[in-house]
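Everything on this sheet refers to the single structure shown next.
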Amino acid sequence: MSAEHESGLSFLFDTAYRYQPDFNRYVSNYVALLKLDNPFMDDTQMNLAQQTLQIEFYKQCLESLGIASFDCLVILDYNGLLLEINTMAERALAVKRSDVLGQPFFNQIFPGHQAEENVTWIKEHAKADIPLHRKSTEMTMIKSNGTMFPAEIKVTELQVFGSALLVICFNDITRRKWMDQALKYTEERYRKIMGENADAIFLLDPFNKRIEESNPAFHIMMGYSADELFALRLYDVMEGEPEDLDAWVDKRLNQGTSLLFREHGRFRNRSQHLIDVEFTTSVFDLRDHPVLCVIARDTVPRDLVVRRSLADQQISSLQKKVEKLGERLNELSQTMLNKAQNEILIEIKEYHQNLAQELEKDSSNKDPLPVERNPRPFELKAAIYQVQSFFKTKLEAKNLPLLISVEPDVPDILIGDALYLQEILFHLLENAVSHTQEGNILLKVRLSKTEGTQTTVLFTLRDSGAGMDTVTKAKMTDVVNDDDPLATGKKYGVRGVSICSHLIKALDGKLWFNTIEGKGSSFLFSLPMETTQKEPEDLPELTQEMVWQHLQLVDDALAEMESIPESEGFTLIEQETAPGQAAEQQTTTTGPLRLLLVEHNVDHALEIQRCIGGQNVEMRMVDNGRKALELVQEQDFDLILMGLDLPIMNGEAAGIAIREWERSQRREPLLMVAFGSEAPAEESQQDFMRFEQAPLDEATLNTLLEWARQQLPQVATPVIEAISELDDVPEPGLPPVEAAAVPQTEPDEEDNDTDDDAVVVELNADMAKLAPDFLAKRRKDLNKIQQALAENKLDSVRVLGKSMKGTGAVYGFDALADIGRELEEAASNNDAAGVQEWAHVLTAFLERVKIVVV
């Protein structure tokens, strides 16, 4: 017997055969009987008889082994005929031995589409020259009832008297697969929880005090990489004497998970700065090796909010006490006092009055949400992903992908106020996720301007939600443009965006937006920051407590206004709509200008979007001519701004294709303006009504929008008699006013007091609720214009006129939009007389405007 088989079954059987006394005695007696019956038997015949008995012994051993084995065994010839099968294989395949012996078996144990491939593999790998480690694999097998199951198969070739047989050993590994998948899922879930958790987590070996594992939040808080932390011990990251830390670990290890205590301590980051943290500790048993799991969070941001809240409470309490003291002093002054007592009382009342005035002054001037700027180096992507973790559950529940794109030229480390940036992103993402049911949400970050180490970072958050209706858009415009967005947001119930606008203004940034009803909204904001080569410091953690603290500032004004108050300078007139007039009135309402922008340059497209933000424009953007052609065939537009330098289909080809489609459909030609570095070719110039040099600036865009509105068909609208002269304005010049139709009914007593020269503006009920505050702000603008004229600051007038031009159309006051446009133009030309003239026009309009609610 060769050495390689000395430990195999052959050696086992041969040993049992030789050293089994009863069987040896049986063989000796059997051979002796053969000699008695046949005295002429020679030695060869005697050896053959002994070998026959030995084969029978081997057979019996094999049968016993097959019955006792936990493996499934089958023996087949190379044609696939089943020669033997053990009990375990019968159970696994749900067959009876008597039914399948001598039958073709390959097609019964392998699915039809895999049978040929599996049989080929078995025959190739059963050869003796194939290494043992390559003789096993996983295959899909099938039971007699058609049920398939995964199996681990081992094959070998059996040589018997010159014939080759296949021995197949297999096991059903379904349960093992389940366990592997469950273990893999558990590990993935553990990794996911560790990786995406906003809290800092690390696992500590309680015996050698080494950090075995930690999550990204811990890396950011401590300033170390994962590899660096793996080499550190507890003494390197936690404040305290080594013996005290050892005692703490032993105490927590003995305590186990029966009780979890919230503890306070200090961690030492990579810069050797101490961080105040709050943490809990629990014990995990991993393969009979316990580890401590420590979950920590930085408490500095929350402590600031808590201290600020306590200070506000103390000031409020002091104000109440001062008021109570005033009441007691008034009571005391009514009593009979002598001269000395009266002098003391007068002195006390003076002190009280001064104290009350100081408290009232501090209270009125106090910023409800003070911004304490603390710029420091931070990792931009880490800050963004930390905010993303707040919305993971909501995004998964809605099956909404949040796409985050950071341009390659944006530095990884910037100096800025990371905590406020995170809160701004939180509120904008909260709005986007709440109002988006399908599609996706995109957060894009790029550099807007860089000068030396100073840079401006532009954040764009776009959703594919429902967009904003006219009323919501007007409210949002007010919140974004107002000097006190918190107060405006509190009034309108616009919570998150008002906080964003407040924070962005405090950080010297800008916020604007664009929205299309039914299509989605885009919020853009820019923040000045500074590039640096320094290592990022620990990232301050945004907490839900801080967010809710700030939301409470505007949370008490969520209910809508029940009625429309009378406001000085104008009157509200409730108007009944006669039957049959509704459709007519809808057709006469001036809607937003529908604009299609076709531009491949992202920076230029965003600049165009910023310039027209707040105007009465619905804009769609595509980046190539083919998309523009498809969109024109699907939707209606009033104006197309077509860039000439486009991929896939350039602007000239797209213009030709759109005109051909219009002719084939017998449609009126759309207003189409080309822009680029060079004019279009002569043969394609006829397809465009105008050409503008790129890039398009704000003045050019305003001119194009005004030109487009003038080119569009004018709808005949029933209006009241136009006002051509104003009594108290020496020069005419009031621009045309979009006035609403008054029903031709007999005037009643309520209508008799309506001024004959009133400027009537028709608004729906929702917009009318916003009108009083809107017009009140325009009166404040009028005062600012007069003050700017007195100080010769025409640039301030230009800004006010531009704002009035944009918001007037949004709120339905087209006359104000025209006045704003004229004010902006006069101020841009340093025409003080023109500004004064249009200020008179604005005064007359505000005095005579009347709102008709329909």
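Residues that are among the hydrophobic types (A, V, I, L, M, F, W, C), within 19 Å of Asn764 (Cβ to Cβ) and part of a loop (DSSP other than H, G, I, E, B) within the range 467-504 comprise just one, Met468.
If you check Arg663 against the conditions, is it open to solvent by less than 50 Å² (accessible area, probe 1.4 Å) and assigned to a helix (DSSP H, G or I)? Can you show your working first?
Details: open to solvent by less than 50 Å² (accessible area, probe 1.4 Å): no; assigned to a helix (DSSP H, G or I): yes.
Taking the combined requirement at face value, the residue does not satisfy it.
Taking the range 103-217 and the strands (runs of 3 or more DSSP E) fully enclosed by it, the elements with 1 or more residues that are of a type in the set (Asp, Glu) are at 136-142, 148-160, 163-172, 211-214. Lys184 falls short on exactly one of the conditions (1) exposed (fewer than 13 other Cβ atoms within 10 Å of the Cβ); (2) modelled with pLDDT of 85 or more; (3) of a type in the set (D, E, K, R), and that condition is (2).
Residues in the range 239-251 that are closer than 16 Å to Phe267 by Cβ and either crowded, with 21+ Cβ neighbours inside 10 Å or among the charged types (D, E, K, R) (or both): Glu239, Glu241, Asp244.
For the range 225-260, the set of residues classified as farther than 17 Å from Val291 by Cα and modelled with pLDDT under 85 consists of Ser225, Ala226, Asp227, Glu228, listed by residue number.
Of the set (1) touching a Lys or Arg at 6+ places or on another chain (Cβ under 7 Å); (2) under 27 Å from Pro408 (Cα atoms), all apply to Thr453 but (1).
Determine, yes or no, whether Ala765 is among the small types (Gly, Ala, Ser), modelled with pLDDT of 80 or more and loosely packed, with under 14 Cβ neighbours inside 10 Å. Judged against the criteria, Ala765 is not a match.
Yes or no: the range 423-430 includes at least one residue that is touching a residue at least 40 places away in the same chain (Cβ under 8 Å), open to solvent by 50 Å² or more (accessible area, probe 1.4 Å) and within 22 Å of Ile499 (Cα to Cα). Walk me through it before giving the result.
Pass one, the range 423-430, residues touching a residue at least 40 places away in the same chain (Cβ under 8 Å): 423-430.
Right, trim to open to solvent by 50 Å² or more (accessible area, probe 1.4 Å) and you get 430.
Now drop any that are not within 22 Å of Ile499 (Cα to Cα), which leaves 430.
Yes; the residues of the range 423-430 include at least one that is touching a residue at least 40 places away in the same chain (Cβ under 8 Å), open to solvent by 50 Å² or more (accessible area, probe 1.4 Å) and within 22 Å of Ile499 (Cα to Cα).
Residue pairs whose Cβ atoms lie under 7 Å apart, sitting 6 or more positions apart in sequence or on different chains, and linking a residue in the range 226-251 that is in a helix (DSSP H, G or I) to a partner that is surrounded by 11 or more Cβ atoms within 10 Å (Cβ to Cβ) and of a type in the set (Lys, Arg), are Leu234/Lys209; Tyr235/Lys209; Val237/Arg268; Val249/Lys209. Contact annotation: residue pairs with Cβ atoms under 7 Å, 6 or more positions apart or on different chains, pairing a residue in the range 62-75 that is of a type outside the set (S, T, N, Q) with a partner that is at pLDDT below 85 and assigned to a helix (DSSP H, G or I), are Leu73/Gly66. Quick one: what pairs do we get from the range 686-697, first residue in contact (Cβ under 8 Å) with a residue 24 or more places away in the chain, second in a loop (DSSP other than H, G, I, E, B) and of a type in the set (Lys, Arg), C-beta under 8 Å, 6+ apart or different chains? Once the first residue is in contact (Cβ under 8 Å) with a residue 24 or more places away in the chain and sits in the range 686-697, no partner that is in a loop (DSSP other than H, G, I, E, B) and of a type in the set (Lys, Arg) comes close enough. For residues that are in contact (Cβ under 8 Å) with a residue 24 or more places away in the chain and surrounded by 14 or more Cβ atoms within 10 Å (Cβ to Cβ), scanning just the range 82-106, find the one that is nearest to Ala164 (Cα to Cα). Restricting to residues being in contact (Cβ under 8 Å) with a residue 24 or more places away in the chain and surrounded by 14 or more Cβ atoms within 10 Å (Cβ to Cβ), the top hit is Leu83.
For Thr299, indicate whether it is in contact with a strand residue (DSSP E or B) (Cβ under 7 Å, 6 or more places away or on another chain), at pLDDT below 80 and open to solvent by less than 60 Å² (accessible area, probe 1.4 Å). So Thr299 fits the description; yes.
If the condition is being at pLDDT 70 or above and either in a helix (DSSP H, G or I) or in contact with a Pro (Cβ under 9 Å, 6 or more places away or on another chain) (or both), then the range 35-49 contributes Leu36, Asp43, Thr44, Gln45, Met46, Asn47, Leu48, Ala49.
Thr453 meets all of the listed conditions (1) hydroxyl-bearing (Ser, Thr, Tyr); (2) under 18 Å from Phe523 (Cα atoms); (3) surrounded by fewer than 17 Cβ atoms within 10 Å (Cβ to Cβ); (4) in contact (Cβ under 8 Å) with a residue 60 or more places away in the chain but one, namely (2). Of the numbered criteria (1) among the hydrophobic types (A, V, I, L, M, F, W, C); (2) open to solvent by 70 Å² or more (accessible area, probe 1.4 Å); (3) modelled with pLDDT of 80 or more, the one Ile193 fails is (3).
Condition check ((1) open to solvent by 50 Å² or more (accessible area, probe 1.4 Å); (2) basic (Lys, Arg); (3) modelled with pLDDT of 85 or more) across all residues:
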| site | (1), (2), (3) |
| --- | --- |
| Thr587 | yes, no, no |
| Val602 | yes, no, no |
| Leu606 | no, no, no |
| Ile612 | no, no, no |
| Arg626 | yes, yes, no |
| Leu629 | no, no, yes |
| Leu639 | no, no, yes |
| Glu652 | yes, no, yes |
| Ile656 | yes, no, yes |
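The values are calculated or read from the model by the stated rules, or taken from the named source; none is laboratory data. Fair warning: this is a prediction, and the values are worked out from it, not measured in the lab. In this analysis, Cβ positions are derived from the backbone assuming ideal geometry, glycine residues included, and neighbour counts consider all displayed protein chains. These accessible areas exclude ligands, DNA and RNA; they are computed on the full protein's heavy atoms, side chains included. Shrake-Rupley method; radii C 1.70, N 1.55, O 1.52, S 1.80 Å.
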